[in-house]
Every structure is written in structure tokens, then in C-alpha cells.
1. Rank HIS102, HIS29 by accessible area, highest first, at a 1.4 Å probe radius?
2. Using the beta-carbon distance between GLN27 and ALA88 and R0 = 41 Å, what value does 1/(1 + (r/R0)^6) give for FRET efficiency, to the nearest 0.05?
3. Provide the solvent-accessible area of LEU71, counting protein heavy atoms only and rolling a 1.4 Å probe, rounded to the nearest 10 Å².
4. Solvent-accessible area of SER45, probe 1.4 Å, all protein chains present, reported in Å² to the nearest ten, please.
5. Go through LYS22/LYS103; LYS22/LYS54; LYS41/LYS72; LYS72/LYS93; LYS47/LYS93; LYS22/LYS72 and tell me which ones have a Cα-Cα distance over 23 Å in this structure.
6. Can you give me the solvent accessible area of LYS54 with a 1.4 Å probe, rounded to the nearest 10 Å²?
7. So how far apart, in nm, are the two label points at LEU71 and ASP49 if each is 7 Å from Cα heading toward Cβ?
Amino acid sequence: GRGTQKSSSKLAGHLEPFSLSKLFLIQGHNHWRIGGSVIEKSYESLKADLDTIKVINHLFFLVDRLTPILLKDEAIFFLLEQALDQIASQGLKKSLIQNFIHKLLKLLGLSLESEFEEDVARVMKYYV
């Protein structure tokens, strides 16, 4: 948005990576803009470890790659939120990541034999 590009913007802190924010959108003539935001959860502790950042990036990449553009799916949203909560409280665990991937694939009606097996393998290689 227009006002979020400046680092001094009052919205900038609420739009940081590793935070769950509620956004208040205002419809303009040609596009939507952010009129306000509130941080609901901060995952600040996850920023401290590069391996954690890499794995979370891969989890979001999988969701992005496997879901249709603009798909609104609360189950996938809550699956991501649950994964971040668990990583923040328990750290990275192979079982947690495997569970996330299997639940995601099940929600999407896919299996590990699908064309996305390479993406799953890329995430899992951090735990071998």
C-alpha cells in the first residue's frame, strides 16, 4: 500500500514478516488500500534462527504453489497458524513438518505421489 512503503509508516510494524495481523481495507477507485492494522500474534522468536526461517519459507512456498490464486480456505489458514504456533513453542521437529505436509495435501485432495513430491522432498531434506 501507499503508506506502508515508508519504514516510518505507522502500519509498517504491523505488516512485518512473522506476525499475524488483522488488516482494515479501504476500497479506492482502482484498488484496495490498508487503512489500519492490528497485530493479533507476533512470532518474533522465529526470526532468530536461519534454519527455522528457511523451513517456514518452504512451508509457505508449498501452500502458495499448491493452492489456486486467491483461494479462500480457512482450514489451510488455520493449519499454517497452528504450524507457526507449534514451531514457536516446540522448535523444529521432523514429525511436526511431516504432519503439516500430510494435512495440507489431504485438505487439497493430493497425495505424496503427486507432481509436487519434489517440493515436499525439499522441505523434508532439512530433517534427514
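1. Order by accessible area, largest first: HIS29, HIS102.
2. Computed FRET efficiency for GLN27 and ALA88 comes out at 0.75.
3. 80 Å²
4. 80 Å²
5. On the way: LYS22/LYS103 25 Å; LYS22/LYS54 25 Å; LYS41/LYS72 20 Å; LYS72/LYS93 28 Å; LYS47/LYS93 17 Å; LYS22/LYS72 15 Å.
LYS22/LYS103; LYS22/LYS54; LYS72/LYS93, as the Cα separations exceed 23 Å there.
6. Approximately 80 Å² for this residue.
7. If labels sit at LEU71 and ASP49, their model points lie 2.9 nm apart.
The values are calculated or read from the model by the stated rules, or taken from the named source; none is laboratory data. Note that the coordinates shown come from a computational prediction; the quantities given were computed from them, not determined experimentally. Here Cβ is always computed from backbone atoms with ideal geometry, including for glycine, and neighbour counts include all displayed protein chains. Surface accessibility is based on the protein's heavy atoms, side chains included, excluding ligands, DNA and RNA. Shrake-Rupley method; radii C 1.70, N 1.55, O 1.52, S 1.80 Å.
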